Amino acid sequence: FRMTLNPRQREAVEHGSGPLLILAAAGSGKTRVLAHRIARLVASGEVRPEEILAVTFTNKAARELVSRCESLVGNAARSLWAGTFHGIGARLLRRHADVLGYDSDFTIFDADDQKRLLKDILEEADLDTTLFTPEGLRSFIESAKNEGKRPGDPGIRSGDPFSRKYAELFAVYQARLARLS
């Protein structure tokens, strides 16, 4: 492929192995540099396209990057791991969903979906929603998950009455998620 780059861009494209940080203003050619760098790595045989991870801030930027790479190296660029942090995470989860006990076409809840489900669970439990709130339950579940805890783990039901009740509802929440996905 033919490179049409200025000297600084060419330096970044031809950078050897190891990390490379590119800091540049909007419209200065960062996507061009990344596309050419990826194309150089693929064309030289140093790496296979599926070994490249390109994380962007938007899906549009990822599509543009892949498109530019395709124009340089052809269909091989379609095997790149390019996308947003969340998009790449979802792709990995879908690829290995069976390990987690899910189908690969599982549903990802957004904040509004989660809030509705938590509210439904609290209403079905017939609890005083001034004491047991969706936000309180969400916070409990988030803390438990951040600590790597699951609903049935020892110690999760210990503590004050609110925590014990939230631990029970955490199990209900996980069961509902599994049925919905």
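At-a-glance table
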item	result
Search result, residues across the range 136-157 that are open to solvent by 70 Å² or more (accessible area, probe 1.4 Å) and either touching a Ser or Thr at 6+ places or on another chain (Cβ under 6 Å) or not charged (D, E, K, R) (or both)	146, 152, 154
Residue ID - modelled with the highest pLDDT, chosen from residues in the range 112-130 that are open to solvent by less than 100 Å² (accessible area, probe 1.4 Å) and not in a helix (DSSP H, G or I)	125
Pair list, Cβ under 7 Å, 6 or more apart: the range 140-165 residue within 18 Å of residue 114 (Cα to Cα), other residue at pLDDT 90 or above and of a type outside the set (Ser, Thr, Tyr)	140/170; 141/170; 144/170; 151/167; 151/170; 151/171; 151/174
First in the range 16-44 and open to solvent by 80 Å² or more (accessible area, probe 1.4 Å), second anywhere and part of a loop (DSSP other than H, G, I, E, B) and not small (Gly, Ala, Ser), Cβ under 9 Å, 6 or more apart	17/46; 32/4; 32/5
Residue in the range 20-37 that is within 30 Å of residue 106 (Cα to Cα) and modelled with pLDDT of 90 or more present	no
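Rundown of residues vs (1) in contact with a Pro (Cβ under 6 Å, 6 or more places away or on another chain); (2) closer than 25 Å to residue 168 by Cα, yes/no style:
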| site | (1), (2) |
| --- | --- |
| 85 | no, no |
| 88 | no, no |
| 91 | no, no |
| 94 | no, no |
| 105 | no, no |
| 108 | no, yes |
| 115 | yes, yes |
| 123 | no, yes |
| 128 | no, yes |
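Conditions (1) closer than 30 Å to residue 34 by Cα; (2) among the basic types (Lys, Arg); (3) in contact with a Leu (Cβ under 7 Å, 6 or more places away or on another chain), marked per residue:
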residue	(1), (2), (3)
74	yes, no, no
119	no, yes, no
122	no, no, yes
147	no, no, no
156	no, no, no
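The values are calculated or read from the model by the stated rules, or taken from the named source; none is laboratory data. What you are looking at is a predicted structure, and each value in this text was computed from that prediction instead of being measured. Please note: Cβ atoms are built from the backbone with ideal geometry, for glycine as well, and neighbour counts cover all protein chains shown. Each accessible area value is taken on the protein alone, full model and side chains, heavy atoms only, with ligands, DNA and RNA left out. Shrake-Rupley method; radii C 1.70, N 1.55, O 1.52, S 1.80 Å.
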